[in-house]
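Okay, structure first, notes after.
Nothing in this text is a laboratory measurement; each read-out follows from the coordinates by a stated rule. Since the model is a prediction, treat every value here as computed from it, not as a measurement. Using ideal geometry, Cβ is built from the backbone for each residue, glycine included, and neighbour counts are taken over all protein chains shown.
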């Protein structure tokens, strides 16, 4: 192996964020070593005594290349990933597993880069070189993460992003249909920029100076005429105007030439322009795709700020003038969606009369902005806020009377302290359970010190638990544990859980309401999950399952599943077709679990791919909290012991974990995210 390839192995360790770069480099390495074909070629069957020598050689070549590919892949991933994948059969299986774990983030980055490229517009006064560098940066990120944009579309979108000063260039491009590369386009646009600067008095860089330039040109013409000498003209005879002006009542002019009329017209134009800079409200925010920074004109709303010295930070206005910022800090904007948006590094400029939110600053922190008749700000496929177009300006929908709710912050920003309401804090810790369960926990002992009167409105519960009315019919209950087990399979989920899981199966004991949940990659894994469940519960309780109730899903009707039930003396009960209410315990358990999962993910703002961890945490919590169907907690009926809740924490909260071995001056812990109790 060459030294350059050894450097790839040394410096290309997969950590998660660098998945796309790692995949490209490992592909180059395998291609150079002629082992890459094993990633796309299925493993051939093992040769037998009748196999030819050529087939045996091909099989040995594939096996050798696969072993080498596995070695290279395992050598370039972290220790944790090595332990997780060392038992996999082939290099293709390892690559597929890694893609399931990390490709979702890559797709999100690709979508954000493409959106930023499509929304990019050249700012008035911006140099062509700076604009093109931004364009190329967005394109590189998008293509690095798998975006495919043909050359013509790239050029069309770049030309369309140019400012209005290049309208003539755009027209020539459309009519001549010249084929460009990005480099060639950049050269021609820079040439056009030089012509514009030379011919129009820096029209590109100093927008708003057109009138001044024209005035200077007029003065030059007059000076030129003086140099050439006087030009004789026929002078018109001035006639004295008789009568009075109908506007001001003075003599010597008509109404159309009245100075007062001219003053009114000028005042009207000034008033029209002034409306663009009048202070509407300190709570009013405008989305500006041309602004390079967040700007406000009031100190109201600053969470923290730093005073700036005069001329320390200067901002250039649209007319080319410079204004000095007086302070810089962070502002929290409360939205009508009961969320809030934290703006980092907002400049306080008293001369401004509007509060501006910069689109480019939002893009730096992973937000994407879509403009139409309304605009939408989103992050990680979640809509954060929106606004409407009013008088040519995009106004953000806000809510002045704010409340504690889902935290939307930009990266590296400290989390805000939670509400001092202990009831609400335990509501979050216990996976958003309802008030009735709380009261039972208080009366029964685990939370006896808690005073429960009412729960505040929880936006996460409203998003995750909206339901129809329940089915009122009830059936006969089991009289002991394992007397009746309810089961159901849920899936396929639109987004895979970490580890490649797309389904889950639940088993709920009818007598105690104690439940189990198993994640599955395929629906056909239901039989294996039931065998594991049966072996565990029979060993723990020293009892046998008597009845298994399910719907008529194909996974329960398979021959091997039914034969297993017969061999173990388990009666199989099925609900009638079209009546899921008859399997209501399992259906309701799935709905409760998904309600809790959605609520916990909504509050934590973790990616949806963490639903597997949230699901296992939810079933753990449900077993430890009361149910209206049983007099005690499921855990107590199942084990005979009361559960403890003191170790529970909020799903998605920061957690400090003790490191194993550290140096004397090294930090003893590392910051992680709590993803549940299993």
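At a Förster radius of 51 Å, what calculated FRET efficiency corresponds to the Cβ-Cβ distance of residue 312 and residue 674, to the nearest 0.05? Please report the intermediate quantities before stating the final value.
On the way: r = 41 Å, r/R0 = 0.81.
Once the sixth-power term is evaluated, E becomes 0.80.
Label positions at residue 253 and residue 383, each projected 7 Å from the Cα along the C-beta direction, are separated by 5.6 nm.
Scoring 388-398, 595-605, 113-123 by mean Cβ neighbours within 10 Å over their residues and listing the highest first yields 595-605, 113-123, 388-398.
With the simple model of a label 7 Å out from the Cα in the direction of the Cβ, residue 390 to residue 345 spans 3.0 nm.
For an R0 of 60 angstrom, estimate the FRET efficiency from the Cβ-Cβ distance between residue 56 and residue 15 and round to the nearest 0.05. In this case the efficiency is close to 0.90. Each peptide among 488-500, 660-672 gets the average number of other Cβ atoms lying within 10 Å of its residues, and from highest to lowest they stand as 488-500, 660-672.
Based on the alpha-carbon set only, what is the convex hull volume of segment 120-199 divided per residue, in Å³?
83
Based on other C-beta atoms within 10 Å, arrange 143, 148, 193 from fewest to most. Write out the running numbers ahead of the final one.
Details: 143 15, 148 7, 193 20.
Least to most surrounded, the residues fall as 148, 143, 193.
Footprinting exposure proxy ranking of 461, 653, fewest other C-beta atoms within 10 angstrom first, gives 653, 461. Ranked for footprinting exposure by Cβ neighbours inside 10 Å, fewest first, 141, 287 give 141, 287.
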